[in-house]
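Here the structure comes first, spelled out in C-alpha cells, and everything after it is commentary.
Rule-based calculations on the coordinates, nothing more; no lab input. As the structure is a prediction and not an experimental result, all values here were calculated from the model. So basically every Cβ, Gly included, is an ideal-geometry build from the backbone, and we count neighbours across all protein chains shown.
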Amino acid sequence: MAPQSAGPEFADVTLTIIAGGQGRRLSGVPKGLLEVEGRTVVERLLELAPRFGDVLLVANVPEPYARFGVRTVADVVPGKGAPGGVHAALVAARTPWVLAVACDMPFVSPDVVRVLLGARGDAVDAVGFEVAGRLEPLLAAYRTALAPAWGEALVEDPSLRQLLSGFRARLLPEDALRAVDAGLRSLVNVNTPEDLARHGVTLPST
C-alpha cells in the first residue's frame, strides 16, 4: 500500500501573485502575461503552487488573468501601490502566512522560497531579503494577522520598508540568497522594454 502524501510543503502559506495594474512602460500589457520561453510569468509562478496550502492573485483588473482559474481579489484600499496589494493578500488569505511575489518576476526558484519561508518563527511577522541595502518586499513572507494594523497604516501612504519597520521583520542578507541563487535571478523583475531584451522576455503572443 502506497504511503499517504504528507500534503503541501508549505500548507500554512498562501502563494500570492501581486499583479496590481497595467505595465505602463510596456504598452499597457498586464505584466503577468509577459512570456519567457513560451510561458507567461504567471504560469511560471504557478508552477510553485503545489507546494502551498492555497493560491491567490491580487489584481485590480482581473479579466486578463481569468484563464488561470486562480481566486482573484482587488485592493481593499485602492491607490496604495504595492503596500495595498500586500494588504489585500493579508485580508483575503485563508492561511496564517502569505508569500507575496510580484507578477513580473519570472525566475523565482523553489530553493529561494524554501530559504525565505524557513526563516519564519514565532517571534517574526515578516521575512524578506535585503540586497545592496534594498528591501525586496515583493518576494517576501507576511503573517496574515498583520492585516488590521497594516490597513490602518496605509492611511499614511507608507513605503513597504516603513510599514515593516513597525512589525517584527527578519531581513535576510544577500549571502543567504546567493547561497541558493548565485546570480540573484529570483529578484529579476521586468518593467521596461530594456528589461525584456536583457532577460529574454517577450510581449504576449496572443
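Odds and ends about this structure:
- Taken over the Cα atoms of segment 114-197, the convex hull encloses 118 Å³ per residue.
- Interchain or long-range residues, amide H under 5 Å from D12's placed H: G53
- Contour minus Cα-Cα distance for D12 and R185 (0.36 nm per residue): 59.7 nm
- Electrostatic dipole magnitude of the chain [Cβ: Lys, Arg +1; Asp, Glu -1; Cα centre; debye, to 20]: 120 debye
- Calculated [θ] (222 nm, deg cm²/dmol) that DSSP helices of n ≥ 4 give over the chain, each run adding -39,500 (n - 2.57): -6500 deg cm²/dmol
- Comparing mean-square fluctuations of E174, E130, E152 from a GNM of the chain with C-alpha springs under 10 Å, the top value falls on E152.
- Once exposed loop trypsin sites (Lys or Arg not before Pro) are cut out (DSSP; at most 15 other Cβ, 10 Å), longest piece of the chain: 95-167
- Stretchable slack from A119 to Q162, in nm (0.36 nm times residue separation minus alpha-carbon distance): 13.4 nm
- Packing-based exposure ordering (other Cβ within 10 Å, fewest first) of E35, E9: E9, E35
- The chain: relative contact order as a whole-number percent, Cα under 8 Å and 6+ apart: 25 percent
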